[in-house]
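Here's the structure we're looking at; comments come further down.
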Amino acid sequence: MKKILLLLGLVICSSLLFSLGTLRVESIKELPAEHMNLEVYDADGKYAPVLIVKTELKGVGIQNIGRPTKHAPEYNPQKNEYKFYMNDNQRVVEITHSKYQPLEVRLLADFGINVKAKRVYELVLDDKPEKEFVNVVIISDPSDATKIIDDKDMGTGQSFELAIGKHTLKLQKSGYKYITKDIEVTRRKTLFNNLTLPEQEPVMLTIKSEPTGADIYINNVLEGATNKQLFKFPDTYNLRLVKDKYDTIERTITVTEDGSNNFNYTLRKNTSTLTIQTTPANCDIYVNNEKMSGNSKDVSAGMYKVEVKKEGYYDNSRTVDVQKGQNKTVNISLEQKTGKLQFVIEPMEAQITLKLGNKTVETWTGSKYFSSLPVGSYTLTAGCDGYKSQNKQVVVNLDETTKIDIALEEGSDIPASMVFVQGGSFQMGSNSSDANDDEQPVHTVSVDDFFIGKYEVTQKEWREVMGDNPSRFKGDNRPVENVSWYDAVEFCNKKSEMEGLEKCYSGRGCDFSKNGYRLPTEAEWEYAARGGIESDNANYRYAGSNDIDKVAWYWKNSGDTRLSGNWDYGKIDNNNCRTHPVGQKQPNELGIYDMSGNVGEWCWDWYDSNYYAYSPKNNPQRPSSGSYRVNRGGSWADSADGCRVAGRSGGDPDRSYSGIGFRVVRSSK
């Protein structure tokens, strides 16, 4: 009987033991030296090491194993911790509680803690029971629905390891309504089925932004750019709008079956426009050592070094603070570098113009002293009636005095063998009964002053500049012919160089501000041919007369005998028709010879038969492009009609013709 009672007692004790919870050490560490105990002594008379046990349990017992201590643990309810004084070099302590199995903490063996006098150690106690996991099967329809358990995506499978207890299960799949269900897992309840998701139709949603053009990402998939309409199944989605120079917008949106599903957003600019206004204008601007194009730039918030530079001025720089989304305008002025100019002129009545580039700085009469003049390279022009004008380059250097003395030479500014044409307005084109379509509409044109050759360029002049003579009809005083438009342009530049003048032509076209030789524009040519403002009859049919034989060599009178009847090239060829020395016919009102007949004359302009319909009024210079260049005036082989002042023609600029030469002009600046 005693044996039975003893066995029963052991079973009861064992059952009670296995029903108790388990305590675990979550962490243990030695605290820094400032936490030392310098008050309580251990059994050996040393300052006792201290063990702080942190736990929310009440009624915890703590004792040393092997070397008992006289101090009981002290509980601090405000800090949820126990303070227990150990012995120096303590190896093991035991923690007990009525509802938990005793916990033996082997400080050195399990945790490497070598307990020392005075030092304080902190132990965090875990009293939560360990979870028990079982295999759970979840069967859904459709079978590949995503299983989300306790907000954790578990994928589309069917078998899962779950802890025993209550869980929240969510099933979802695109094209179906999601379902949520609370389940309780036990050792016996591990199968969950009959979980069917109802099908649903996609609905339209509209995503707009201001400004538009933001990239739309839905669940990290690019769906296009705002403004845009999409079809999605009712659900919750992660929306992201991305646009350069604007803050990214991230939102969680809910698309509903019966809602409007309109999503509108205003994007916030994350850059600012930095504008640099400079005095003077057109300075070189550098932001963080990078040269700006223009004077405005989009930048992010931050500090920027702005530098402004311009030739002839002292550099200026400053640091600029740009706030996010706030445009910034900065005004920076440069101090001009200056020098001095002492200018003396004879005669004292001379008129002086000082230019910096194309800008007139000042005009005056006689000598002058400048005490403060911006540094730079100037063009000084001096002129006086009865004297030849002079142009001089003047360089003003920083903090230096430049001295210029000029004595004008008596004479005239009109170049040799050239005629001054005073600018004015005239009616360009013709309304006569024999006018061609390309001479209409008649329109008003104004031209500036210019000089024009009294004669067509002769073969002698050509040879002196170019070194050869390509002409068909040889003779020093005959006009040069058989030269292309490009040959004529090359002659102009070479003649300018030989005479120390500025070349007008470059790869970029013609610079009409230069003082060298060039071809006339078509408008200049016709204005001069009609006699300019000197003409008493600007409607002469030919240059200087209505009688062609007085002013022109043409097909009837340019050969050995005078021809009659209709134009016939056979007659021309058999009659030895040809060019003649320049200046033998009557000049026009300006004293210009052979503008009708002898040779046609290359002009600067591209030929366009419709140009008169859109030609500008002031100094028309050319259509923008074309295949042929204009030639005017007719030649020794042309009919009288081809020699009219209003007549127009075009030629291939790469080809040369025995009926085409040219005369030169110079701008009067």
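Some observations on this one:
- Two-decimal Rg to Rh for the stretch 62-184 - Kirkwood Rh, Cα set: 1.27
- Accessible-area order (highest first, 1.4 angstrom probe) of the listed residues LYS556, LYS208: LYS208, LYS556
- The chain: DSSP helices with Cα axial extent of at least 15 Å and average Kyte-Doolittle hydropathy no lower than 0.0: 2-19
- Overall, the chain carries a charge dipole of about 3180 debye about its Cα centre when +1 sits on the Cβ of Lys and Arg and -1 on the Cβ of Asp and Glu, all other atoms neutral.
- Computed over the alpha carbons of the stretch 501-572, Rg followed by Dmax gives 18.0, 49 Å.
- Taking label positions 7 Å along the Cα-Cβ direction at both MET303 and ALA43, the computed distance is 6.7 nm, reported to one decimal.
- In whole percents, the pair-distance distribution calculated for the stretch 612-669 from its alpha-carbon pairs, binned every 5 Å from zero, is 4, 13, 21, 24, 21, 13, 4, 0.
- At a probe radius of 1.4 angstrom, the accessible area of the chain per residue rounds to 54 square angstrom.
- Taken about its Cα centre, the stretch 283-439 carries a charge dipole of about 1140 debye when Lys and Arg each add +1 at the Cβ and Asp and Glu each add -1 at the Cβ.
- Full extension of the chain between ASP476 and ASN546 gives 22.3 nm of extra length, using 0.36 nm per residue less the Cα-Cα distance.
- Pairs of C-alpha atoms in the stretch 451-590 farther apart than 28 Å represent 29 percent of all such pairs.
- Proximal aspartates and glutamates relative to LYS392, as straight alpha-carbon distance under 16 Å, when same-chain residues fewer than 8 apart are discounted: GLU346, GLU362, ASP405, GLU409, ASP413, GLU499, GLU502
- Accessible surface comparison of HIS35, HIS97, probe 1.4 Å, protein chains only, largest first: the order is HIS35, HIS97.
- At q = 0.07, 0.09 Å⁻¹ the log10 of I(q)/I(0) for the chain amounts to -0.78, -1.01, computed by Debye summation with a single uniform scatterer per C-alpha, solvent ignored.
- When the Cα convex hull of the stretch 155-248 is projected onto planes of every orientation, the mean area is 8.3 nm².
- Measuring max minus min along each principal axis, the C-alpha atoms of the stretch 409-526 give extents of 45, 41, 32 Å (largest first).
- Positive-end extreme of charge dipole, the chain - chosen from GLY155, GLY366, PHE192 (charges on Cβ): PHE192
- Using only alpha-carbon positions in the stretch 325-400, the gyration tensor eigenvalues give semi-axes of 34, 14, 10 Å once each is multiplied by 5 and square-rooted (largest first).
- All aspartates and glutamates inside 14 Å of LYS173 as judged from Cα atoms, apart from same-chain residues fewer than 8 positions distant: ASP141, ASP144, ASP153, GLU199, GLU201, ASP235
- Of all lysines in the structure, those lying under 17 Å Cα to Cα from LYS29, and not within fewer than 8 positions of it along the same chain, are LYS54, LYS83, LYS116, LYS118.
- In this label model, ASP247 and THR212 are separated by 2.5 nm, measuring between points 7 Å along each Cα→Cβ vector.
- Which of ASP247, ASP468 is most accessible, then next, and so on - probe 1.4 Å: ASP468, ASP247
- For the cross-link pairs LYS291/LYS337; LYS208/LYS291; LYS131/LYS177; LYS177/LYS243; LYS355/LYS617; LYS208/LYS305, the ones whose C-alpha atoms lie over 31 Å apart are LYS208/LYS291; LYS131/LYS177; LYS177/LYS243; LYS208/LYS305.
- Restricting the calculation to Cα atoms, the stretch 259-299 shows an Rg/Rh of 1.36 when the hydrodynamic-style radius is the Kirkwood one.
- Taking 0.36 nm per residue of separation and subtracting the Cα-Cα distance, full extension of the segment from ASP182 to TYR614 would add 147.1 nm.
- If you plug the beta carbon distance of SER513 and ASN576 into 1/(1 + (r/R0)^6) with R0 = 41 Å, you get a FRET efficiency near 0.35.
- Each Lys and Arg adds +1 at its Cβ and each Asp and Glu adds -1 at its Cβ; summed about the Cα centre, the stretch 12-118 shows a dipole of about 100 debye.
- Members of LYS309/LYS503; LYS309/LYS340; LYS170/LYS228; LYS310/LYS388 lying beyond 27 Å, as alpha-carbon distances in this model show: LYS309/LYS503; LYS170/LYS228; LYS310/LYS388
- SER174-THR196 FRET efficiency (beta carbon distance; Förster radius 22 Å; 0.05 resolution): 0.85
- Note on PHE133: accessible area approximately 120 square angstrom, rounded to 10, probe 1.4 Å, nucleic acids and ligands left out.
- Accessible area of the chain belonging to carbon and sulfur atoms, whole % at 1.4 Å probe: 45 percent
- Think of the chain as a dipole: +1 on every Lys or Arg Cβ, -1 on every Asp or Glu Cβ, centred on the Cα centre; then among VAL299, VAL457, ASN219, ASN219 lies furthest on the positive end.
- Taking label points 7 Å from Cα along the Cα-to-Cβ direction, GLN101 and TYR265 give a separation of 5.5 nm.
- Percent of Cα-Cα distances greater than 27 Å, calculated over the stretch 538-669: 22 percent
- The mean of 1/r over all pairs of different alpha-carbon atoms in the stretch 47-109, once inverted, gives a Kirkwood hydrodynamic radius of 12.1 Å.
- Mean projected area in nm² (Cα convex hull; one quarter of hull surface) for the stretch 123-189: 5.6 nm²
The values are calculated or read from the model by the stated rules, or taken from the named source; none is laboratory data. These numbers were taken from a predicted model, which means no experiment stands behind them. Positions of Cβ are backbone-derived with ideal geometry, glycine not excepted, and every protein chain shown enters the neighbour counts. Heavy atoms of the whole protein, side chains included, go into the accessibility calculation; ligands, DNA and RNA do not. Shrake-Rupley method; radii C 1.70, N 1.55, O 1.52, S 1.80 Å.
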